[in-house]
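Peer 1: Quick one: structure below, then a few questions.
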Amino acid sequence: KAAEKIKDKKIKLSDIGGMDSTIEELKETIIYPMKYPELTNGRNVDKSVLLYGPPGTGKSLVAEACANESGAWFKKINASQLDSKWVGESEENWRNLFDEARQNQPAVIFIDEIDAIGKQRGGTDEFGAKTLNTILGLMSDSEKRGDDIFIIAATNRPNLLDDALTRSCRIGKPIEVPKPDLKGNR
């Protein structure tokens, strides 16, 4: 029974220790604008962050806690999870994801291993570039409409990401998730 209680408990940022600066940046970028939109004074703010750091540092855990803390609808996906071998189906899967988020605003989409679909374009992977172009368009459309959709992406290889993906108003705010330190006061 104790294991069931722990499993059913929604993790909060206060449950995570040793990541104070990462958590503070997430609060300022995701939670505060979502919970207190009046603080933005109508300014268009980045609604997306890129969590980067070595494998196993807690990027997924921090993203889930951030969504729980905000009270938003939350969808966690692995970037390659929406890929399909059928032409056009990958792009349709991404459109469906953004439609679902739009119907459940405020929403947080967590894209783990974003480098699987967000690699630099210009190579021989036409279909991967097409999928990335679709995602970029969906993010731009969401931003233009003023949707209350926040994106948290994670990678341990940020140097592979396409510049268009990591620019402002897309996934423009990089936040390092280092190994937890011993100074954390949580």
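The values are calculated or read from the model by the stated rules, or taken from the named source; none is laboratory data. It should be emphasised that the depicted structure is a prediction, and the values quoted were computed from it without experimental measurement. Virtual Cβ from ideal backbone geometry, glycine too; neighbours counted across all protein chains shown. Protein only, heavy atoms only, side chains kept; ligands, DNA and RNA dropped before computing areas. Shrake-Rupley method; radii C 1.70, N 1.55, O 1.52, S 1.80 Å.
Peer 1: What share of Cα pairs, in percent, lie more than 27 angstrom apart in the chain?
Peer 2: Working: 4663 of 17205 pairs.
That fraction is 27 percent.
Peer 1: Cross-link candidates for LYS59: which aspartates and glutamates have Cα within less than 16 Å, leaving aside residues fewer than 8 places away along the same chain?
Peer 2: Here the aspartates and glutamates satisfying the reach criterion relative to LYS59 are ASP15, ASP20, GLU24, GLU25, GLU69, ASP112, GLU113, ASP115, GLU176, ASP181.
Peer 1: Sequence-distant or interchain residues sharing an amide H contact under 5 Å with LEU51, placed H: which?
Peer 2: Counting only residues 5 or more places away or on other chains, the set is ALA153, ALA154, THR155, ILE175.
Peer 1: Here's a follow-up. Relative to the first principal axis of the alpha-carbon coordinates of the chain, what is the inclination of helix 89-103, with its axis defined by its Cα atoms, in degrees from 0 to 90 and to the nearest 10?
Peer 2: Once rounded, one gets 40 degrees.
Peer 1: For segment 13-136, with all protein chains present and a 1.4 Å probe, just round the carbon and sulfur fraction of the accessible area to a whole percent. Could you put the intermediate results ahead of the total?
Peer 2: Details: 2830 of 6090 Å².
About 46 percent, which is the carbon plus sulfur part of the accessible surface.
Peer 1: To the nearest 10 degrees, how steep is helix 59-70 against the longest Cα principal axis of the chain, on a 0 to 90 scale?
Peer 2: Once rounded, the angle reads 70 degrees.
Peer 1: Further question: Applying the Karplus parametrisation 6.51 cos²θ - 1.76 cosθ + 1.60 with θ = phi - 60° to the phi angles of segment 24-38, what ³J(HN,Hα) value in whole Hz is obtained for each residue in order, glycine and proline being reported as x?
Peer 2: Result, rounded to whole Hz: 4, 5, 5, 4, 5, 8, 10, 5, 4, x, 6, 7, 10, x, 5.
Peer 1: Okay, moving on. Kindly identify segment 105-166 as rounded, prolate or oblate by the Cα gyration tensor criterion: order the square roots of the eigenvalues as a ≥ b ≥ c, call it rounded if a/c is under 1.5, otherwise compare a/b with b/c, prolate if a/b is larger, else oblate. Mind dumping the intermediate values first?
Peer 2: Details: a/c = 2.49, a/b = 1.50, b/c = 1.66.
Because a/c hits 1.5 or more and a/b fails to exceed b/c, segment 105-166 counts as oblate.
Peer 1: Now for a different question. Mind checking the angle between helix 126-145 and the chain's longest principal axis? C-alpha axes, 0 to 90 degrees, to the nearest 10.
Peer 2: The two axes meet at around 60 degrees.
Peer 1: Let me ask you something else. Dipole of the chain, Cα-centred, from +1 at each Lys and Arg C-beta and -1 at each Asp and Glu C-beta, to the nearest 20 debye? Don't skip to the answer; put the middle values down first.
Peer 2: Working: 28 positive and 30 negative charges, 93 e Å.
It works out to roughly 440 debye.
Peer 1: Sticking with this structure for a sec: At 1.4 Å probe radius, can you tell me the per residue accessible area of the chain in Å²?
Peer 2: Working: 10210 Å² over 186 residues.
Per-residue value: 55 Å².
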